[in-house]
Amino acid sequence: MTVRVAATVDVPASVEEVFAAMIDLPSQDEWILATRLFALDGDVDVPGVGSKIAALTGLAGIGVLDTMTVTVYDPPHRWETTHTGNAIKGIGIFTVEPGPKGARVTWAEEVELPLGFVGRLGWTVAKPLVHWGLAASLRRLSAGVVSGRLPLKS
């Protein structure tokens, strides 16, 4: 069963500025909660289609390793990754569109739930927490772009 969770935030900055901070891996370390990202070896550099990424998400040394492959790179509007690891399967979708005060950013995750009924039951508890994490991360992205701290790479 595939489930979807998404969060959206308006950022008083240009679509191009927000997209640049969103796809830059060192910048993601700054705005995605409790996550460290790494580019993996491959024929394509991040953020291009076919590039490979690993994300370690967790607290106090306990976490989940999530590997991904970039499947859509359409600057400055869309970046998608396919989760390819053992723990997480699905698609991550990042979009940046013109908004009422600059840019509107949406982060959506479409995830395959494991464990049948147990997975669906667990999702009822996890979904609001995942939504909170996505929204909080996007607020950090917004604050970083508005303050000029993000993106980290020029």
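Among the strands (runs of 3 or more DSSP E) contained in segment 52-154, which hold 2 or more residues that are surrounded by fewer than 17 Cβ atoms within 10 Å (Cβ to Cβ) and touching a residue at least 60 places away in the same chain (Cβ under 8 Å)? Break it down into steps so the answer makes sense when it comes.
Values: elements: 52-59, 62-74, 78-84, 89-99, 102-112.
Per the criteria, 89-99, 102-112.
Please specify each residue of segment 35-65 satisfying the condition of being in contact with a helix residue (DSSP H, G or I) (Cβ under 8 Å, 6 or more places away or on another chain) and more than 24 Å from Ala103 (Cβ to Cβ).
Answer for segment 35-65, where residues must be in contact with a helix residue (DSSP H, G or I) (Cβ under 8 Å, 6 or more places away or on another chain) and more than 24 Å from Ala103 (Cβ to Cβ): Arg36, Phe38, Ala39.
Would you pick out the residues in segment 8-17 that are part of a strand (DSSP E or B) and among the β-branched types (Val, Ile, Thr)? Steps first, please.
Kept after step one, since they are part of a strand (DSSP E or B), are these residues of segment 8-17: 8-11.
Listed by number, the residues that qualify are Thr8, Val9, Val11.
Going by the conditions given, is Ala39 under 15 Å from Lys153 (Cβ atoms), part of a strand (DSSP E or B) and aliphatic (A, V, I, L, M)? Walk me through it before giving the result.
Numbers: under 15 Å from Lys153 (Cβ atoms): yes; part of a strand (DSSP E or B): yes; aliphatic (A, V, I, L, M): yes.
Here the answer is yes, as Ala39 does meet what is asked.
Using the structure shown, decide if Gly42 is without any contact (Cβ under 8 Å) to a residue 40 or more places away in the chain, more than 12 Å from the chain's Cα centre (by Cα) and closer than 18 Å to Leu134 by Cβ. Walk me through it before giving the result.
On the way: without any contact (Cβ under 8 Å) to a residue 40 or more places away in the chain: yes; more than 12 Å from the chain's Cα centre (by Cα): yes; closer than 18 Å to Leu134 by Cβ: no.
In short, no.
Being open to solvent by 20 Å² or more (accessible area, probe 1.4 Å) and either at pLDDT below 95 or over 19 Å from Leu134 (Cβ atoms) (or both): is that true of Gly48 here? Full working, then the answer.
On the way: open to solvent by 20 Å² or more (accessible area, probe 1.4 Å): no; either at pLDDT below 95 or over 19 Å from Leu134 (Cβ atoms) (or both): yes.
Judged against the criteria, Gly48 is not a match.
Six or more apart or on different chains, Cβ atoms under 6 Å: show the pairs whose first residue is in segment 24-38 and β-branched (Val, Ile, Thr) and whose second is open to solvent by less than 20 Å² (accessible area, probe 1.4 Å).
Note: pairs meeting the criteria are Ile32/Ser137; Thr35/Ala55.
Identify all residues within segment 18-36 that are surrounded by 15 or more Cβ atoms within 10 Å (Cβ to Cβ) and assigned to a strand (DSSP E or B); write none if there are none.
Thr35
Consider Ala39 carefully, then state whether it is surrounded by fewer than 17 Cβ atoms within 10 Å (Cβ to Cβ) and either of a type in the set (Asp, Glu) or within 27 Å of Gly148 (Cα to Cα) (or both).
Values: surrounded by fewer than 17 Cβ atoms within 10 Å (Cβ to Cβ): yes; either of a type in the set (Asp, Glu) or within 27 Å of Gly148 (Cα to Cα) (or both): yes.
Answer is yes for this residue.
With Val15, Val11, Val5 as the choices, which residue is surrounded by 14 or more Cβ atoms within 10 Å (Cβ to Cβ), in contact (Cβ under 8 Å) with a residue 12 or more places away in the chain and in contact with a Lys or Arg (Cβ under 7 Å, 6 or more places away or on another chain)? Explain how you work it out, then say what you get.
On the way: Val15 fails: in contact with a Lys or Arg (Cβ under 7 Å, 6 or more places away or on another chain); Val11 fails: in contact with a Lys or Arg (Cβ under 7 Å, 6 or more places away or on another chain).
Every option except Val5 fails the conditions.
The values are calculated or read from the model by the stated rules, or taken from the named source; none is laboratory data. As the structure is a prediction and not an experimental result, all values here were calculated from the model. As a convention, Cβ positions derive from the backbone with ideal geometry for all residues, glycine included, and neighbour counts pool all protein chains shown. Surface accessibility is based on the protein's heavy atoms, side chains included, excluding ligands, DNA and RNA. Shrake-Rupley method; radii C 1.70, N 1.55, O 1.52, S 1.80 Å.
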